[in-house]
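Q: Sharing a structure, written as structure tokens. Questions coming.
The values are calculated or read from the model by the stated rules, or taken from the named source; none is laboratory data. Since we're looking at a predicted model, the values are computed, not measured. Counting neighbours? That spans all protein chains shown, and the Cβs are built from the backbone with ideal geometry, glycine included. Ligands, DNA and RNA are stripped out before the accessible areas are found, and what is left, the full protein with its side chains, is counted by its heavy atoms. Shrake-Rupley method; radii C 1.70, N 1.55, O 1.52, S 1.80 Å.
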Amino acid sequence: MTALKDRAYWLDKARQLRIEGRAFIEGAYVDARSAETFSSYSPVDGALLAPVALCAGSDVDLAVGAARRSFEAGVWSGLAARERKAVLLKWAALLEAHTEELALLESLDSGKPIADTLGGDLPGTIYCLRWFAELIDKVHGEVPATDPHFFGTVTQQPLGVVAAVVPWNYPLLMAAWKFAPALAAGNSVVLKPSEKTPLSALRIAALAMEAGLPAGVFNVVTGDGAVGRFLSLHVDVDCIAFTGSGRVGREIAQNAAATNLKRVWLELGGKSANIVMADCPDIAQAARSAAAAIFANMGQVCSAGSRLLVQRAIVEPLLRELLPAADDYLPGHPLDPGSVTGAIIDAVQFERVCHYIDIGKQEARLLKGGQPLSQIDAGAYLEPTIFLAEDASARIANEEIFGPVLVVIPFDTLEEAIAIANQTEFGLAAAVWSSDLATIHTATRQLKAGTVWVNCYDELVDMNFPFGGFKESGNGRDNSAHALSKYTELKSTIMRCS
Ligand code: NAP
Ligand code: MG
């Protein structure tokens, strides 16, 4: 019945929260060795939430050292898969038991609406953890056919120390997409959350200990980008799994190449095309879905449908449905259970989005929104914004804005739509709306994207589907059994038997 609790309930609960801001290394909360902290503010109203440990290279060394020792000692990596599974399931149960507290912490730290964190981020995180826990004792090796004098196996072994560097838009969920498969596979993990949203990662570390994860197996180091850089340069880190911007992803890959060639997995940005053909089965539904695709989570979604490609014959009817549908995503106070969207993460991101809106006004037609909303609280709130761009080469039609800004681009033929969809450097997601099987088949095959939806958008609640990008949207995939393989090495063992 949590959905019915009102803003006063959450505000009261927020006042009672005891927020942990220390790093978590080798099973204990610790200050940065320098004792330095940074301030974690809430995007909801700009209030100070907690001082948080500002880790430096020496703290990263401690965390990586703890992870390495735990890995080599075999306290986790050496357990039977079903024993690791039992601990991870217990951790998931503890996360579930603390859903309200964690959802509140996540909303306060990120500005996301409480309905989203309660209904999306937390259940998604728990589902991910359970899914990989359940998978791990069902993964088998291979026994290739060989010369009868030999017997051989192909097995997967954990890599060792996995560093996870994650962004602020789904703080806990993006972290879980890395640490769940990495831990399930038997690795030890050092997690670096964004300095903008470090609090939920710190809180779940205590629950990991309570669940029975041995000390050193799961560590959380807090601080700014420098902490991620230390991890990418660290020669005792075997793998770095990253979600974030292309700029930082490139730097991480370079640092890995310059040091120990640690494995690098990158989930980067997107500028995903949502293509609506004139024979779309339901224009109103396509419009509502298109609004959700870009305005949910204030547009701060890597797979957001930020480009709406509409076949010219239905531009007018689609816009008639789309413009009012956008009003469903007007932001509200994040702790009001009725709010569908909340605050932009911080002033920097807010300025960035506003800058793109200014660019958009020069190169396209503003159809809706574009204004900040100051009446909610002291945080940064922005209207859902829609542009119509006749020119598909406009900057707002190609660069990732990462905010509530939709660009509608008319086109004439399917061929043209696919060319526009594929013209950016990204390739994370795409969608096509049509009633024609040949159109759907052509589009799904030709769209260069890791996920393609047909007559829907953003349906990715199932962990069985890999998630990630073509081209400069990254490499490797989160979720699914494929993600487990990212955190293992294949070993061929060949025995002469006779
Ligand atoms: P970001 O600036 O790249 O930051 C991501 C993470 O990297 C943060 O923890 C950040 O720490 C850290 N970092 C910053 N500089 C670093 C460096 N030099 N070396 C190592 N780590 C460093 O990205 P963001 O602005 O937080 O997130 C937005 C981007 O993420 C968008 O491009 C979006 O599309 C992408 N994203 C992709 C996916 C996906 O699955 N493909 C999902 C979500 C988001 P600090 O925050 O403390 O600086
Ligand atoms: Mg914050």
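Q: Take each of the peptides 329-335, 177-183, average the number of other beta-carbon atoms within 10 Å over its residues, and list them starting from the highest. Could the numbers behind the result be given before it?
A: On the way: 329-335: 23.0, 177-183: 28.9.
Per-residue Cβ counts within 10 Å, averaged per peptide and sorted highest first, yield 177-183, 329-335.
Q: A follow-up question, please. Could you tell me whether the stretch 41-85 comes out rounded, prolate or oblate from its Cα gyration tensor? Rule is a ≥ b ≥ c as square roots of the eigenvalues, rounded for a/c under 1.5, then prolate if a/b exceeds b/c, otherwise oblate.
A: On the way: a/c = 6.58, a/b = 1.92, b/c = 3.42.
In terms of gyration-tensor shape, oblate.
Q: Using amide H atoms built in the peptide plane, which far-off residues or other-chain residues are under 5 Å from residue 274 H to H?
A: Correct list: 307, 308, 309, 431.
Q: For a Förster distance of 30 Å, can you work out the FRET efficiency between the beta-carbons of residue 17 and residue 224, rounded to the nearest 0.05? All intermediate terms of the calculation are to be shown ahead of the outcome.
A: Numbers: r = 24 Å, r/R0 = 0.79.
E between residue 17 and residue 224, to the nearest 0.05, is 0.80.
Q: I need the shape label for the stretch 181-234. Rule: rounded when a/c is under 1.5, else prolate if a/b > b/c, else oblate, with a, b, c from the alpha carbon gyration tensor.
A: On the way: a/c = 2.51, a/b = 1.37, b/c = 1.83.
Here the stretch 181-234 falls in the oblate category.
Q: Please calculate the 1.4 Å probe accessible area of residue 132, with all protein chains present, and give it to the nearest 10 Å².
A: 0
Q: Calculate how steeply helix 246-258 sits against the longest principal axis of the alpha-carbon atoms of the chain, using the helix alpha-carbon long axis, and give the answer as 0 to 90 degrees to the nearest 10.
A: Taking the Cα atoms of the chain, the angle to 246-258 is about 30 degrees.
Q: If I take R0 = 30 Å and measure r between the Cβ atoms of residue 378 and residue 36 in this structure, what FRET efficiency does the formula 1/(1 + (r/R0)^6) give, to the nearest 0.05? Show your work: numbers first, answer last.
A: Working: r = 26 Å, r/R0 = 0.88.
The calculated FRET efficiency here is 0.70.
Q: Right, something else. Once phi is turned into θ = phi - 60°, what whole-Hz ³J(HN,Hα) does the Karplus curve with 6.51, -1.76 and 1.60 give for every residue of the stretch 175-187, x standing for Gly and Pro?
A: 5, 5, 4, 9, 6, 5, x, 5, 5, 4, 6, x, 7
Q: Same structure again: Any idea how far apart residue 412 and residue 445 come out in nm if each label point goes 7 Å out from Cα toward Cβ?
A: 2.5
Q: In debye to the nearest 20, how big a dipole does the chain give about its Cα centre with +1 on each Lys and Arg Cβ and -1 on each Asp and Glu Cβ?
A: On the way: 42 positive and 57 negative charges, 230 e Å.
I would put it at about 1100 debye.
Q: Any idea which of 498, 461, 420 is furthest toward the positive side of the dipole for the stretch 370-498, if Lys and Arg beta-carbons carry +1 and Asp and Glu beta-carbons -1?
A: Most positive-ward Cα: 498.
Q: Next up: Which cross-chain or sequence-distant (5 or more) residues have an amide H under 5 Å from the amide H of residue 164, H modelled 1.01 Å from N in plane?
A: Hits under the 5 Å cutoff: 190, 191, 192, 241.
Q: For residue 312, tell me the accessible area in Å² from a 1.4 Å probe, rounded to the nearest 10.
A: 100
Q: Which residues' amide hydrogens lie under 5 Å from the amide hydrogen of residue 380, considering only partners 5 or more residues apart or on another chain, with H built in the peptide plane?
A: It is 344, by chain and number.
Q: Excluding residues fewer than 8 places away in the same chain, name every one of the lysines whose C-alpha is closer than 20 Å to that of residue 13.
A: 5, 112
Q: Still on this structure, I have one more. Show me, for the stretch 139-154, the HN-Hα J-couplings you get by feeding each phi into the Karplus relation (A = 6.51, B = -1.76, C = 1.60, θ = phi - 60°), rounded to Hz, glycine and proline as x.
A: Rounded to whole hertz, the list is 9, 10, x, 10, 10, x, 5, 9, 3, x, 7, 10, 9, x, 10, 10.
Q: Going by the alpha-carbon gyration tensor, a ≥ b ≥ c the square roots of its eigenvalues, is the chain rounded (a/c under 1.5) or, if a/c is not under 1.5, prolate (a/b greater than b/c) versus oblate? Spell out each step's value before the answer.
A: Values: a/c = 1.91, a/b = 1.29, b/c = 1.49.
Verdict is oblate for the chain.
Q: Can you give me the solvent accessible area of residue 495 with a 1.4 Å probe, rounded to the nearest 10 Å²?
A: Around 80 Å² of this residue is reachable by solvent.
Q: As a test of the formula, what do you get for the chain when each DSSP H run with n ≥ 4 contributes -39,500 (n - 2.57) and the sum is divided by the residue count, at 222 nm and rounded to the nearest 500 deg cm²/dmol? Please report the intermediate quantities before stating the final value.
A: Values: 15 runs with 187 residues, N = 498.
-12000 deg cm²/dmol, from helical runs alone.
Q: So what's the net charge close to residue 257: Lys and Arg +1, Asp and Glu -1, counting the other residues with Cβ under 15 Å from its Cβ?
A: On the way: positive: 229, 250, 262, 263; negative: 238, 251.
Combined, the nearby Lys, Arg, Asp and Glu give +2.
Q: Moving to a separate point now. Give the angle, between 0 and 90 degrees and rounded to the nearest 10, that separates the Cα long axis of helix 122-136 from the longest principal axis of the Cα atoms of the chain.
A: The angle comes out at about 40 degrees.
Q: Then there is this: For the pair residue 316 and residue 210, what calculated FRET efficiency results from E = 1/(1 + (r/R0)^6), where r is the Cβ-Cβ distance and R0 = 45 Å, to the nearest 0.05? Don't skip to the end; give the middle numbers.
A: Numbers: r = 58 Å, r/R0 = 1.28.
Using R0 = 45 Å, I get an efficiency of 0.20.
Q: Let me ask another. Residue-wise, which Karplus ³J(HN,Hα) couplings in Hz belong to the stretch 105-119, taking 6.51 cos²θ - 1.76 cosθ + 1.60, θ = phi - 60°, and x for glycine or proline?
A: Per-residue couplings from phi come out as 4, 5, 5, 4, 7, 10, x, 6, x, 4, 5, 6, 5, 5, x Hz.
Q: Another one. Considering only Cα-Cα distances, which of the following residue pairs are longer than 18 Å: 85/178; 196/271; 448/486? Write down the numbers at each step before the final one.
A: Working: 85/178 16 Å; 196/271 23 Å; 448/486 22 Å.
Pairs exceeding the cut-off: 196/271; 448/486.
Q: Protein chains only, probe 1.4 Å: how do 153, 413, 385 rank by accessible area, largest first?
A: Working: 153 35, 413 70, 385 0 Å².
The ranking, largest first, comes out as 413, 153, 385.
Q: Provide the net charge surrounding residue 355, with neighbours chosen by a C-beta distance below 12 Å and charges set as Lys +1, Arg +1, Asp -1, Glu -1.
A: Values: positive: 352, 361, 395; negative: 351, 358, 399.
Neighbourhood net charge equals 0.
Q: Along the Cα→Cβ direction, 7 angstrom out, place labels at residue 82 and residue 142. What is the inter-label distance in nm?
A: According to this spin-label approximation, the distance is 2.7 nm.
Q: Just the number, please: carbon plus sulfur as a percent of the accessible area of the stretch 273-463, 1.4 Å probe, no ligands or DNA/RNA counted.
A: Values: 3640 of 7260 Å².
The value for the stretch 273-463 is 50 percent carbon and sulfur by accessible area.
Q: I'm checking a number: the convex hull volume of the Cα atoms of the stretch 273-463, normalised per residue, in Å³. What is it? Write out the running numbers ahead of the final one.
A: On the way: hull volume 22.3 nm³, N = 191.
Spelled out: Cα convex hull of the stretch 273-463, divided by residues, is 117 Å³.
Q: Sticking with this structure for a sec: To the nearest 10 degrees, how steeply does helix 437-446 sit against the main Cα axis of the chain, on a 0 to 90 scale?
A: Computed tilt is about 50 degrees.
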